[in-house]
Structure formats: C-alpha cells, structure tokens
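Shown next, in structure tokens, is the structure this report addresses.
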Amino acid sequence: MSGDQSSENKNRFTIIKDDSNDGHGGYGVGAISLENMSSIIVDPNENKAYVDMGAMHARSDVERRVKFQPDKSLVPDGKLYWIVWVTVERNENGPYYAGVAGSEIRVDRPNKIAYKSMPEHVKHMEKSLKGHVIVEHMDEQSRHLLRNFLQEFNPEMWNNSSEQLKEALG
C-alpha cells in the first residue's frame, strides 16, 4: 500500500449535481446545470493536463492568488493555460465525451495578475453542455495534450466519442 491516495483522487472526473431548490435562490440558480461536467486544466508550459474541479467555481490552482485584469494586454508576460469544459453523456455504447470547449487563461504568477474572458468561459461551458466541440482556437500542442489526457483517462469514453471530437483534437 502506497498510502498516497491524494494523487489517485486528482485524476477523477467528478459529477457536480446542482439543485435549484436548495433554498439559496439568488443569481443564476437553475440557469445552467453543471451535472456531468468536469474542468480540465491544460498546461502547455509544463506539458501536462489534469482535472481541477475548482475551475467550476473559478477556484482552480491556476486561478488562485492572482488579480484578474480586464484586458489581455495588461498581462503581457502571462503564461498560457486552457480551462477545458468537458461534458460526459451516455448513449447505447456507454459514456462518452459529448462536449469539449477550451477557454484561454493567461497567468503572470510573479506579478500576481491574470486574464480571462468571463463571457467566453460561460459561453464555452454552455456550448460544452450542449455537446459542442470548440477547440480549433487552441494551439496544436495543447490540443494534443488534451487528446492524450482524454484517451488515457478513459479509453472507453474516448472510443465512444464522436469522430468530430477525435478529428478536432488531431
């Protein structure tokens, strides 16, 4: 027994179920269901991709401890990351990656500033939930990192996914 379950738990897709009747009310309740959605961080700087469910609430590792700027030009030295919204559905063959949409984020850790377009992130989350594939704006290396991650994470879901997704990720 290794005793190190934390690394084991980091690479699990988590299903978030939201309940618009939980009594909280307020902004956005019930407007968008996040059921069956996960967030993957693609880091072309470190050549890796990993699940970070904190991104669902703008609290991923790459989003923490930085002040977001309203314009990308204010973060000229920002490193590129992608938050990829992945929706899993089920068909007669089993579960598959239905919607995949990548949203850019730039992080300048030394200066504690970052940039992301919230409207783009929200739009991409919604498109992913509707089964759209939006990755053509991602750089080739990042698309390949994402493809490799999805293939290795669950070969069955990858095999059940659309040809459109497989072609889009090269």
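Which members of region 109-120 meet the condition of being hydroxyl-bearing (Ser, Thr, Tyr) and not in a strand (DSSP E or B)?
Initially, region 109-120 is screened for residues hydroxyl-bearing (Ser, Thr, Tyr), giving 115, 117.
Result: Ser117, single match.
Would you kindly identify the strands (runs of 3 or more DSSP E) lying entirely within region 57-108 that contain at least 3 residues that are hydrophobic (A, V, I, L, M, F, W, C) and touching a residue at least 12 places away in the same chain (Cβ under 8 Å)? Spell out how you get there, then give the answer.
On the way: elements: 67-69, 79-91, 94-108.
Output list reads 79-91, 94-108.
If a residue must be open to solvent by 60 Å² or more (accessible area, probe 1.4 Å), closer than 15 Å to Ala98 by Cβ and not in a helix (DSSP H, G or I), how many such residues does region 130-159 contain?
Number satisfying all stated conditions: 2.
Suppose we keep only residues that are open to solvent by less than 60 Å² (accessible area, probe 1.4 Å) and at positive phi within region 26-47. Which one would you say is modelled with the highest pLDDT?
Asn36
The values are calculated or read from the model by the stated rules, or taken from the named source; none is laboratory data. Here the structure is a predicted model, which means the values were calculated and not measured. Virtual Cβ from ideal backbone geometry, glycine too; neighbours counted across all protein chains shown. Remember, those area values only see protein heavy atoms, side chains included, never the ligands or the DNA or RNA. Shrake-Rupley method; radii C 1.70, N 1.55, O 1.52, S 1.80 Å.
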